[in-house]
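The values are calculated or read from the model by the stated rules, or taken from the named source; none is laboratory data. Every value quoted in this text rests on a predicted model; they were computed, and no experiment measured them. Heads up, the Cβs are rebuilt from the backbone with ideal geometry, glycines too, and the neighbour counts pull from every protein chain shown. Quick note on the areas: whole protein, heavy atoms, side chains included, nothing else; ligands and nucleic acids left out. Shrake-Rupley method; radii C 1.70, N 1.55, O 1.52, S 1.80 Å.
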Amino acid sequence: MEVILAEHAGFCFGVKRAVKLANDAADTHSEGVHSLGPLIHNPQVVNQLAEKGVKRVESLSEIDDGLVIFRSHGVSSSRVLEEAETKGLSVVDATCPFVTNAQRNAKQLVTEGYHVIMVGDRNHPETKSVLGHAGGEILVSESFEEIKGYLNKFPKKRIGIISQTTQTYRKFSEIVVKCLEICEELKVFNTICYATEDRQTEAEILATQVETMVVVGGKNSANTTHLAKICQSHDVPVYHIETAKEIKKDWFTGDKKVGVTAGASTPDWIIQEVVQYLGKL
Ligand code: F3S
C-alpha cells in the first residue's frame, strides 16, 4: 500500500509561532506561565506544554501573577489585555496575525456602517475574538437562508462580509455570490488564511487519487474538521484521527493508495507516526 502525504500538512505559520512563543516562555520562566484557553486546538501539544509548566486557565481571574499567553485564536476583546496589564501580568500575545487581520477588517466594516456577516462557526474562539474586537453587531452564520432572513429586517442592504480564517473557500464564495443577488452594495474581505487554502486545495486533489483518506488532527480543530469534510465530498472513506493509535487495519483492506493530510495544528511527530504506521501495514 502506497502512503501519500500531502505536501502542506501540519503546523501552519500561526501555530508554529504560538508554540514557539509558549516553549520560549516555559524555558525562561520556572513557574507562573499560563495559557488563556488551550494554546492551539491539539490536545497532544497542549499536554506537552502542560508537562513543561504551561498551565491552562480559562479566565484571568484564575491568575494572580506571572505570565499569560494569549492563544493563536485571539482573546475575546481588547479589554482582556487591559485587565492583564492592570493585574501586572506579563503578556505574550500569540494571536495569529491572520486572526488580527480579520478583527481589523470586521471593525472597519462595522465602522463604515455595513451590515456585517461573518461566515463561520459562532461558537469558535476565533469568531468570538473577532466579534469582541469589532465592537458592533455581526451575524455569524454558515447558512445563506439565515443570512437572508437577518438582512430582510433592513431596508438598505449594504453588506460587508468576512470569513473565519479556517472556513472553506467553497462555502465562503457560495455565500458571497448569493449575497450579491440581494444587496445594493457588497464589500468583501477574504480573510481565509493561505495555510487553510493550501491544505484544503491539496486535500481535495489527494482525495481524488487514493482509495482512503486519513485526516490527522484534533477533533476540536475547525480546520482539521473542514479538511475531513472536503475529503468526504469526494466519496472516499475518510478517517479523522488524532493519533496513530486509533488506526484500524481493516479500514484499508484491498487499498493500493492511501492519502494522509493533517490540520494546521497537528505536530509533525504525530503525522510521522501515522505515516510510519500505515507504511508498515
Ligand atoms: Fe493562523 Fe491560519 Fe494557522 S489563521 S493559526 S495561519 S490556520
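Using a probe of 1.4 angstrom and keeping all protein chains present, the accessible surface of the chain works out to 47 square angstrom per residue.
Note on the chain: Cα-Cα pairs beyond 30 Å make up 38% of the total pair count. Each part reduced to its alpha carbon centroid, the stretch 173-213 and the stretch 1-59 end up 27 Å apart. Of the residues Thr225, Ile4, Gln48, the one whose Cα sits farthest towards the positive end of the charge dipole of the chain is Thr225 (charges of +1 on Lys and Arg Cβ, -1 on Asp and Glu Cβ, taken about the Cα centre).
Two decimals is fine: what is log10 I(q)/I(0) at q = 0.25 Å⁻¹ for the stretch 55-120, from a Debye sum with one equal scatterer on every Cα and no solvent? Computed log10 I(q)/I(0) values: -1.09.
For the stretch 197-281, the relative contact order comes to 38 percent (Cα pairs under 8 Å, sequence separation of at least 6).
In this simple spin-label approximation, His234 and Glu82 carry label points 7 Å from Cα along the Cα→Cβ vector, and these lie 4.9 nm apart.
Take every pair of alpha-carbon atoms less than 8 Å apart whose residues are at least six positions apart; their mean separation over the length of the stretch 98-188 yields a relative contact order of 33 percent. Scattering from the stretch 122-281 was approximated by placing one identical point on each alpha carbon and applying the Debye formula without solvent; log10 I(q)/I(0) at 0.21 1/Å stands at -1.31.
For a straight C-alpha distance cut-off of 13 angstrom, the aspartates and glutamates reachable from Lys52 (same-chain residues fewer than eight places away being disregarded) are Asp24, Asp27, Glu31. In the chain, the calculated helix contribution to ellipticity at 222 nm averages -13000 deg cm²/dmol per residue, counting -39,500 (n - 2.57) for every DSSP H run with n ≥ 4.
Summing Cβ point charges (Lys, Arg +1; Asp, Glu -1) relative to the Cα centre of the chain gives a dipole of roughly 440 debye.
The stretch 69-107 and the stretch 112-149 have their alpha-carbon centroids 18 Å apart. Across the accessible surface of the chain, with the other protein chains kept in place and a 1.4 Å probe, carbon and sulfur atoms take up 49 percent.
Legend: distances between Cα atoms for Lys219/Lys248; Lys55/Lys229; Lys171/Lys229; Lys20/Lys257; Lys107/Lys128; pairs beyond 23 Å are Lys55/Lys229; Lys20/Lys257.
Comparing the stretch 98-188 with the 2.2 N^0.38 Å rule of thumb, its C-alpha radius of gyration ratio is 0.97 (two decimals). Hull volume per residue, based on the alpha-carbon atoms of the stretch 13-95 and their convex hull, is 79 Å³.
A 1.4 Å probe, protein heavy atoms only, puts the accessible area of Phe189 near 50 Å². Candidates Leu180, Val110, Phe144 compared by Cα position along the dipole of the stretch 98-188: farthest toward the positive end lies Val110, with charges placed on Cβ. Partner aspartates and glutamates whose Cα lies under 14 Å from the Cα of Lys148, excluding those fewer than 8 positions away in the same chain, are identified as Glu174, Glu181, Glu184.
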